[in-house]
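One structure is given below, encoded as structure tokens.
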């Protein structure tokens, strides 16, 4: 089995690229989905996040309000200092353990498979050694802002502020590119991105045999 990390900055198109790999036959797990499940009430990660960040991040039903948690983690202009590192220290070890267990299970079922972990912070969490190959997805800064604005239904001005705030907690794209085995430029058309994905998938198939 070939273990592949798929990463990139916010709104670069990682999920769309991941879906393309799945269409070609790869297996995929998303770190965001894993983290979301770990922060459901009753889970140890949930309890620790609430203990550290306080009940003000909760909805009325006791679930974590993710925008409020993001605000607490990334900080606000003129407000409290960012605590994203503290949040990552709670969540990342549990997410990585879940991902590793998933990859092991995929490998047991299909020894010649390609297992892809989609995660924004693979390099930031110093987790690259878990993977045989690393793919980085990039796009132009203004595209990132427009995509984020569309995703959340907010203005481009508000999206730009949020993108800049989150990107400040991540390794710059040029550094990620230098660490990558493959780079997908998601700035063009969907067809162009699909062609890049197909070429990389063929290379991964060769690498895995």
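Once the range 12-53 is narrowed to residues that are at pLDDT 95 or above and assigned to a loop (DSSP other than H, G, I, E, B), the residue that is nearest to residue 182 (Cα to Cα) is 26. For the residues 177, 171, 184, 114, the requirement of being under 16 Å from the mean Cα position of the chain (by Cα) and surrounded by 19 or more Cβ atoms within 10 Å (Cβ to Cβ) singles out 184.
Of 3, 43, 51, which residue is touching a residue at least 12 places away in the same chain (Cβ under 8 Å) and over 25 Å from residue 189 (Cα atoms)?
So the residue among 3, 43, 51 that is touching a residue at least 12 places away in the same chain (Cβ under 8 Å) and over 25 Å from residue 189 (Cα atoms) is 3.
Cβ separations smaller than 8 Å between residues 6+ apart or across chains give the following pairs from the range 137-155 residues that are farther than 25 Å from residue 116 by Cα to residues that are surrounded by fewer than 19 Cβ atoms within 10 Å (Cβ to Cβ): 145/156; 145/160; 146/156; 149/155; 149/156; 149/158. Scanning the range 59-67 finds no residues that are under 20 Å from residue 176 (Cβ atoms), at pLDDT below 95 and under 18 Å from the mean Cα position of the chain (by Cα). Looking across the range 71-97, the residues that are surrounded by fewer than 16 Cβ atoms within 10 Å (Cβ to Cβ) and either within 19 Å of residue 33 (Cα to Cα) or modelled with pLDDT of 90 or more (or both) come down to 86, 89, 93, 97.
Matching residues to (1) more than 18 Å from the chain's Cα centre (by Cα); (2) at pLDDT below 95; (3) exposed (fewer than 13 other Cβ atoms within 10 Å of the Cβ); (4) within 15 Å of residue 11 (Cα to Cα):
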position: 123; (1), (2), (3), (4): no, yes, no, no
position: 151; (1), (2), (3), (4): no, yes, yes, yes
position: 158; (1), (2), (3), (4): yes, yes, no, yes
position: 164; (1), (2), (3), (4): no, yes, no, yes
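The values are calculated or read from the model by the stated rules, or taken from the named source; none is laboratory data. Just so we're clear, the structure is a prediction, and the values are computed from it rather than from any experiment. Neighbour counts are summed over all protein chains in view; Cβ atoms, including those assigned to glycine, are modelled from backbone coordinates with ideal geometry.
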